[in-house]
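Peer 1: Here it is, the structure, as structure tokens.
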Amino acid sequence: MIVTCRQMQDIEARAFERGVSAADLMEKAGCGIAREVWRLFPQPGTLILYLGSGNNGGDALVAGRELQKLGWQIQVRLSGPLEKLKPLPRGHFDALTDFAVSASPIDVADLPRPVVQLDGLLGIGAVGEMRPDIRALAAEMNALRLEQHAHTVAMDIPSGLNGDTGEPSVDCVIADLTVTVAHGKSGLIADAAVSHVGRLALVPLAELTVEDDGGPQLLTPELLSGFLPRRRFDFHKGQAGRVGIIAGSRGFIGAAVLACGGALRAGAGLVTLLVKEEVYELLAAKVPPEIMVKVVKDYRDVLDMRFDALAIGPGLGFESEDEILNVIQYASMPAVVDADAITMVARTPVSVFLTSTPPRLLTPHPGEMARLVGDGSSHPRLTQAESWAQAFPGNTLLLKGARTVIATESSPTFFNTTGHPGMATGGMGDVLTGVCAALAGQGIPLHQAAGIGAWACGRAAEIAALSQAQLSVLPTDVIAHLGAAFGELE
Ligand SMILES: NC(=O)C1=CN([C@@H]2O[C@H](COP(=O)(O)OP(=O)(O)OC[C@H]3O[C@@H](n4cnc5c(N)ncnc54)[C@H](O)[C@@H]3O)[C@@H](O)[C@H]2O)[C@@H](O)CC1
Ligand SMILES: [K+]
């Protein structure tokens, strides 16, 4: 569930009336935040706590205390006199040991790496524009990030971001990770906020759980693990899904290989790559040994084959457009439609294709989405995805981007939380297509398959970046780390 700051404060106030303790909540929030920091930064370095006077700073202090136990060295920057700290953060400040308060910006050049700064300046208690003292510290954090490669983790919301609308004010904190407490805040998923929020994580607090409103949801491991079916011990490959992949053409061999790799690592029982004669030799030599490669004269031959799910599009080219459109229209199993196949759908009267078929999952990037919806592409991403889903009930749309959105009519729209800018590399989408098709082949509904797929690919890219720079992460690295990502959902 996504809430406004006011709704969050009301939920909190009702919990306090029931006797829930604020100190307990802060303890759980801070410990949860520390866990999320550790997930992305498992090697301890230097932690700088930026503290405002409110409870947002308390979250940073509790997280700092927990990370100190793992070996992080703590430095503190205060926004004002200690006396101004609210009682809860003041208690945590007084209890913290072994740290230095710095009265001026910290030179991190000789400090242990990584340098992670916790933004505990302002949370949902912020009113209006940042006051000058807080704003100066937010600007300092941004400078440290930009100039000295410090990483920024925002407590609850990045300071300076409007928690309801996502509008960033001048000098708004630019976070690499925002760990939000209890519920996602509406401002965090706004298009304008993406580059200030960064990677998202949610610390659920059982005491603040309320009845779900059916609205958008953040993709979290807790939610997604419920979508992954447990396998019986006597499970066999026929039950794990036969996946057919229609991909690859002259000059675009790699896309097919990546889609196959994604499907294999997402648990497909049998993966068959369907290709035209002209690329058979090349692809048969390139794909992993677990893949069967089958030559088809006409892609429509697939209509008579037995598959549980199809992936259609990566590296396909446009030579066989009519055949592909027929497969999209008539195939009797769920299908993931990607890349060139989306462009084909976009230049055809789509209503013919997407009302008469079994469910389809379309996975456009913003450029392909613009082809699908024309003028609609100027609307917010949430509106684009939900409008398309309403126009084609039963089908699912996954709009790629830094904050992937997944919409299906009558289902809660999902916002992905994982991933990093190192994923801006050709071929990432091909992996995702293979993953989603494999999940669909295992009987998982397309909406859920898309959610698991987006989250797992993003998380695999994060794990791959633990041992190398984000910008060096390749789609093949994502495939190699999918197993670790799925492991976090089991
Ligand atoms: N929502 C929840 O249930 C929980 C919230 N917690 C944390 O507590 C935060 C909320 O704490 P608070 O209500 O104390 O509020 P904040 O810590 O967000 O900020 C309030 C303080 O900032 C000052 N302030 C307000 N607007 C300002 C502005 N524009 N410029 C400069 N200073 C400004 C106020 O004078 C006040 O001292 C959450 O965001 C979260 O981090 C957690 O500790 C526990 C659970
Ligand atoms: K904050």
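The values are calculated or read from the model by the stated rules, or taken from the named source; none is laboratory data. The structure displayed is predicted, hence computed values, not measured ones. Cβ: placed from backbone, ideal geometry, glycine included. Neighbour counts: every protein chain shown. Surface accessibility is based on the protein's heavy atoms, side chains included, excluding ligands, DNA and RNA. Shrake-Rupley method; radii C 1.70, N 1.55, O 1.52, S 1.80 Å.
Peer 1: I'd like the full set of residues that are crowded, with 21+ Cβ neighbours inside 10 Å and part of a loop (DSSP other than H, G, I, E, B), limited to region 227-248.
Peer 2: Within region 227-248, 241, 247, 248 meet the criteria.
Peer 1: Scanning for something within 11 Å of ligand 1 (Cβ to nearest atom), touching a helix residue (DSSP H, G or I) at 6+ places or on another chain (Cβ under 7 Å), open to solvent by less than 10 Å² (accessible area, probe 1.4 Å) and assigned to a strand (DSSP E or B), does region 156-175 turn up at least one residue?
Peer 2: no
Peer 1: Out of region 26-47, which residues are within 16 Å of ligand 2 (Cβ to nearest atom) and either outside the structural domain of residue 175 (by TED's automatic domain parsing) or over 22 Å from residue 485 (Cα atoms) (or both)?
Peer 2: The initial filter retains those residues of region 26-47 that are within 16 Å of ligand 2 (Cβ to nearest atom), namely 26, 29-30, 32-34, 36-37, 47.
Those that are within 16 Å of ligand 2 (Cβ to nearest atom) and either outside the structural domain of residue 175 (by TED's automatic domain parsing) or over 22 Å from residue 485 (Cα atoms) (or both): 26, 29, 30, 47.
Results for (1) buried (at least 24 other Cβ atoms within 10 Å of the Cβ); (2) of a type in the set (A, V, I, L, M); (3) within 23 Å of residue 166 (Cα to Cα), shown as yes or no for each residue.
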residue	(1), (2), (3)
360	yes, no, no
372	no, yes, no
377	no, no, yes
381	no, no, yes
394	no, no, no
398	yes, yes, yes
402	no, yes, yes
405	yes, yes, yes
408	yes, no, no
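Peer 1: Looking at (1) under 29 Å from the mean Cα position of the chain (by Cα); (2) outside any helix (DSSP H, G or I), can you tell me which one residue 19 breaks?
Peer 2: (1)
Peer 1: Further question on the same structure: Show the residue pairs that are 6+ apart or on different chains and have beta-carbon atoms under 8 Å apart, the first residue being within region 116-141 and more than 20 Å from residue 74 (Cα to Cα), the second being charged (D, E, K, R) and assigned to a strand (DSSP E or B).
Peer 2: So the pair list comes out as 124/185.
Peer 1: Let me ask something else. Of the residues in region 199-226, how many are in a helix (DSSP H, G or I) and exposed (fewer than 14 other Cβ atoms within 10 Å of the Cβ)? Show your work before the answer.
Peer 2: Keep residues of region 199-226 that are in a helix (DSSP H, G or I), which gives 206-208, 221-225.
Next, from what is left, pick out any that are exposed (fewer than 14 other Cβ atoms within 10 Å of the Cβ): 206, 222, 225.
The total comes to 3.
Peer 1: Something else about it: So which of 115, 62, 101, 108 is away from ligand 2 (no atom under 16 Å from the Cβ), within 29 Å of the chain's Cα centre (by Cα) and among the β-branched types (Val, Ile, Thr)? Walk me through how you get there before you give the answer.
Peer 2: Working: 62 fails: away from ligand 2 (no atom under 16 Å from the Cβ); 101 fails: within 29 Å of the chain's Cα centre (by Cα); 108 fails: within 29 Å of the chain's Cα centre (by Cα).
Within the list 115, 62, 101, 108, the selection yields 115.
Peer 1: Give me a count of the residues in region 87-110 that are open to solvent by 40 Å² or more (accessible area, probe 1.4 Å) and either part of a loop (DSSP other than H, G, I, E, B) or in contact with a Pro (Cβ under 7 Å, 6 or more places away or on another chain) (or both).
Peer 2: 8
Peer 1: Do we find that residue 84 is within 9 Å of ligand 1 (Cβ to nearest atom), open to solvent by 30 Å² or more (accessible area, probe 1.4 Å), among the basic types (Lys, Arg) and more than 12 Å from residue 119 (Cα to Cα) in this structure?
Peer 2: yes
Peer 1: Now for a different question. In region 288-323, which residue that is more than 30 Å from the chain's Cα centre (by Cα) and touching a residue at least 40 places away in the same chain (Cβ under 8 Å) is surrounded by the fewest Cβ atoms within 10 Å (Cβ to Cβ)?
Peer 2: Within region 288-323, the first condition is being more than 30 Å from the chain's Cα centre (by Cα), and the residues that meet it are 289, 292-306, 318-323.
With touching a residue at least 40 places away in the same chain (Cβ under 8 Å) added as a condition, the list becomes 299, 302, 305-306, 319-320.
Numbers: 299: 21, 302: 24, 305: 15, 306: 9, 319: 12, 320: 20.
If we take residues in region 288-323 being more than 30 Å from the chain's Cα centre (by Cα) and touching a residue at least 40 places away in the same chain (Cβ under 8 Å), then 306 is surrounded by the fewest Cβ atoms within 10 Å (Cβ to Cβ).
Peer 1: Residue under question is residue 144, and the condition is that it be open to solvent by less than 20 Å² (accessible area, probe 1.4 Å), within 13 Å of ligand 2 (Cβ to nearest atom) and assigned to a helix (DSSP H, G or I); does it hold? Lay out the reasoning, then the answer.
Peer 2: Details: open to solvent by less than 20 Å² (accessible area, probe 1.4 Å): yes; within 13 Å of ligand 2 (Cβ to nearest atom): no; assigned to a helix (DSSP H, G or I): yes.
No; evaluated as a whole, the condition is false for this residue.
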